[in-house]
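For reference, the structure is listed below as structure tokens.
The values are calculated or read from the model by the stated rules, or taken from the named source; none is laboratory data. This is a predicted model, so every value here is computed, not measured. Heads up, the Cβs are rebuilt from the backbone with ideal geometry, glycines too, and the neighbour counts pull from every protein chain shown. Note: accessible area is taken over every heavy atom of the protein model, side chains too, but ligands, DNA and RNA are not part of it. Shrake-Rupley method; radii C 1.70, N 1.55, O 1.52, S 1.80 Å.
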Amino acid sequence: MTDSSPLWTPGADDIASTRMQRFLRDLVERGVVPSEVRDAHALQRWSVQLPGHFWQEIWRAAAIMADGPGPADAPWQDVLVGGDRMAPPDPVLGPRWFTEARLNFAEHLLRRRDDGTALVSWNEQGAQQRLTYRELVVRVAQCAAALAAQGVGVGDRVAGWMPNLPETLIAMLATSSLGAVWSSCSPDFGTKGVLDRFGQIAPKVLIAADGYRYAGKRIDCLARLSEIVASIPSLRAVWVVPYLDAAPALGGITGASRFDEVLSGQADAHEPAFVRLPFDHPLYIMYSSGTTGLPKCMVHGAGGTLLQHWKELALHTDLDADDVLFYFTTCGWMMWNWLVSGLALGATVVLYDGAPLAPDPAILWRMAEAERVSVFGTSAKYLAVLEKEGVTPATTVDLSALRAILSTGSPLAEHSYDFVYRHISSRVRLSSISGGTDIVSCFALGDPTGAVYRGELQMRGLGMAVEIWNDDGQSVTGEAGELVCTRPFPSMPVAFWNDPDGAQYRAAYFEHFPGVWRHGDWAELTTHDGLVIHGRSDATLNPGGVRIGTAEIYRQVEQVPEVLESLVVEQRYVSAEGPDSRVVLFVRLREGHALDAALQDVIRKRIREHTSPHHVPRVMVQVPDIPRTISGKITEIAVRETIHGRPVKNQDALANPESLAYFRDLPALAT
């Protein structure tokens, strides 16, 4: 369990001024919720008991613009149909939200029309572009007109193989304005990785950059782009953003034009024609990691994404039009979709393309200082690396505008909380958040009105009926179990692509506990009503019948100075006594260090003293690299399959598939 002393607590005036508290106060004053509902946790409990009432209030607070059979402030026929059915949405049985209401996602992100800054774009060379809301609307209108000229309309797919640039966001908004469906992945995906994704959805238009820069290196994409285009017969047009070169050579790419020239050909377009469509009309197609086979294509609806993101950004993050929002992400990770929804709040969104530690480890913090970033989002891995490298932003940059730091991607270790408050800022709210591409949002996240406890996510999301279940399907507190969601929520995928009977969808979430969403996280509810994530449940260890989350071990190993990163798996084998298993720890060390007996003793002692004897690995192996997905997450499953001599099905989903060779046929694991 975590320390009982809070690391940060908001003052009374700070609490009163938050959007969360103002939202709650309004509900109480209007008699929507009982007066005894006085804080965010009580509001969360009310919200999952009466989900229809709650999401109707989110609609109202977000001032959703929509058409429908009802009055202007409630244009739907029913808020929720089939609310007792937790399963893939069915057109008749549900769950279905805000039936008969029609809206447009992009219309809400482009509601603001003044000269306030909408976008700021940075890369490793510094600030690159700056667009006002007024300018952004015009660019989107031009792009939408160009897409329409290619025959793109309602339900068609537009794909972006793009760095994190303003052009990526412009293309997404233009696609959405037409009622078409946007899907993106980052340019570090190889040809096969792109085709495994876009090849399934048959896009009409592909938008790509001529290349990108990472860690000071120039990486050309045109050769791969030519291969990709030749393999997607549905394409009518290919638009290339000149990012590396002002005039890239496009002669070898069928149907290719420069993106800037395409937009300039629509100079007369100034206002997008927003097509309003049903609440659950497809907005995004997003992908599973693909490490166990062909990536699953998850279709997310416009209305559910809009409401969920507004709730999370406005209430859980306390974002407003005066804020500057940054999240370090690529457009192949769902946090990009989450980040750009900040436009729906009228905030300034900061995009960054490049390596987070190049040209120096403080680049993102210098950017935060220059842009007066108020909400800074990143990954747990990034914060751990900063700590290892001795980077101390508190002493080198002015972060007086910073109010909150968000972390996701993997569990945030307790020592990383201490690092943030000692060496970045003692004033910020540090919110570890957790959800996934599956829901394009979060199950647990921040509470601007509540305390921050070491190692804990502050609260379960409003409207998200999250519980922790043991193997018997019983809800538990204070012990680890499966993170489940027991009631429908608007940002469930509306479908999986090419899954007409919903079999893939059901298998992904609803088979382990029938009628309940099992997310695949091994987690624990705390006495503060917060959450601790112990790792992925499919990667948990079970030595001697004791189930252990991998994050419990990583939290300790990462604090050993010689260790840069680690990965732990369970190896199964047959001994003279019969089937058995053992915990195996792989470590990547700092240059000049070796995993000798003394260092192994240090690691074992650290794990034993801060966890339990069951957590101590029986075998330790030093490796030069550890496999990770393209989104940067280490992949225990790929290593587990490799050490057992089983094939890793889709190595194109890995950023460094060559690293698997370090785990094959290891003498240390042969006995």
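Residue 138 contributes about 40 Å² of solvent-accessible surface, heavy atoms of the protein only, 1.4 Å probe. Residue ranking by accessible heavy-atom surface, 1.4 Å probe, largest first, among 107, 387 comes out as 387, 107. Let me make sure I get this right: for the stretch 264-354, a, b and c are the square roots of the gyration tensor eigenvalues over alpha carbons, sorted descending. Under 1.5 in a/c it's rounded, otherwise prolate if a/b > b/c, else oblate. Which is it? Since a/c stays below 1.5, the shape of the stretch 264-354 is classed as rounded. Taking every DSSP helix (H) stretch of at least 4 residues in the chain, weighting each as -39,500 (n - 2.57) and dividing the sum by the residue count yields a mean residue ellipticity at 222 nm of -8000 deg cm²/dmol. Restricting the GluC sites (Glu not before Pro) of the stretch 1-84 to loop positions (DSSP other than H, G, I, E, B) with no more than 16 neighbouring Cβ atoms within 10 Å leaves 36.
Pairs of Cα atoms nearer than 8 Å and 6+ residues apart set the relative contact order; for the chain it is 13 percent.
Ordering 79, 530, 166 by Cα displacement along the dipole of the chain toward the positive end leaves 166 in first place; charges were set at the Cβ atoms of Lys, Arg (+1) and Asp, Glu (-1). Can you classify the stretch 519-597 as rounded, prolate or oblate using the Cα gyration tensor, where a ≥ b ≥ c are the square roots of its eigenvalues, rounded means a/c under 1.5, and otherwise it's prolate if a/b beats b/c and oblate if not? Taking the square roots of the gyration eigenvalues as a ≥ b ≥ c, the stretch 519-597 is oblate. Roll a 1.4 angstrom probe over the protein heavy atoms and tell me the percent of accessible area of the chain that is carbon or sulfur. Percent of accessible area from carbon and sulfur atoms in the chain: 49.
3J(HN,Hα) along the stretch 420-433: 4, 6, 8, 10, 10, 6, 7, 9, 7, 8, 9, 10, 6, 10 Hz, from the Karplus curve 6.51 cos²θ - 1.76 cosθ + 1.60 with θ = phi - 60°, whole Hz, x for Gly and Pro. Calculated accessible area for the stretch 181-246 comes out at 35 Å² per residue, all protein chains present (probe 1.4 Å; ligands, DNA, RNA ignored). The stretch 577-625 and the stretch 71-146 have Cα centres separated by 48 Å. Per-residue accessible area (protein heavy atoms, 1.4 Å probe) orders 570, 414 as 414, 570, starting from the largest. Near residue 244: Cβ cut-off under 9 Å, other residues only, Lys/Arg at +1 and Asp/Glu at -1. The net charge is -1. Among 204/296; 311/381; 192/649; 192/633; 311/633; 381/649, which pairs are too far apart, with a Cα-Cα distance over 22 Å? Cα-Cα > 22 Å for 311/381; 311/633; 381/649; rest within. Surface analysis of the stretch 77-120 yields an accessible area of 42 Å² per residue, using protein heavy atoms and a 1.4 Å probe. Judged by the ratio a/c of the largest to the smallest principal axis of the C-alpha gyration tensor, the chain counts as rounded, that ratio being less than 1.5.
For the stretch 37-46, 3J(HN,Hα) computed residue by residue from phi via the Karplus equation (6.51, -1.76, 1.60; θ = phi - 60°) reads 7, 10, 9, 5, 5, 5, 5, 4, 5, 4 Hz, glycine and proline entered as x. Take every Cα pair under 8 Å whose residues are at least 6 apart in sequence, average their separation, divide by the length of the stretch 557-623, and the relative contact order is 35 percent. Rounded to the nearest 20, the Cβ-based charge dipole of the stretch 473-570 about its Cα centre (Lys and Arg +1, Asp and Glu -1) stands at 280 debye.
Taking all protein chains into account, the per residue accessible area for the stretch 436-552 stands at 31 Å² (1.4 Å probe). Normalised by the number of residues in the stretch 401-505, the average gap of Cα pairs under 8 Å and 6 or more apart makes the relative contact order 18 percent.
So which GluC sites (Glu not before Pro) in the stretch 451-556 pass both tests, a DSSP loop state and at most 13 other Cβ atoms within 10 Å of the Cβ? The qualifying sites are 479, 511. Simple point charges give the picture: +1 on the Cβ of Lys and Arg, -1 on the Cβ of Asp and Glu, and for the stretch 512-671 a dipole about the Cα centre of about 200 debye.
Along its three principal directions, the equivalent ellipsoid of the stretch 575-641 from the Cα gyration tensor extends over semi-axes of 22, 19, 13 Å, largest first. Given a 1.4 Å probe and the protein chains as shown, residue 642 ends up with an accessible area of around 10 Å².
Our note on the geometry: Cα centres of the stretch 358-403 and the stretch 439-469, 24 Å apart.
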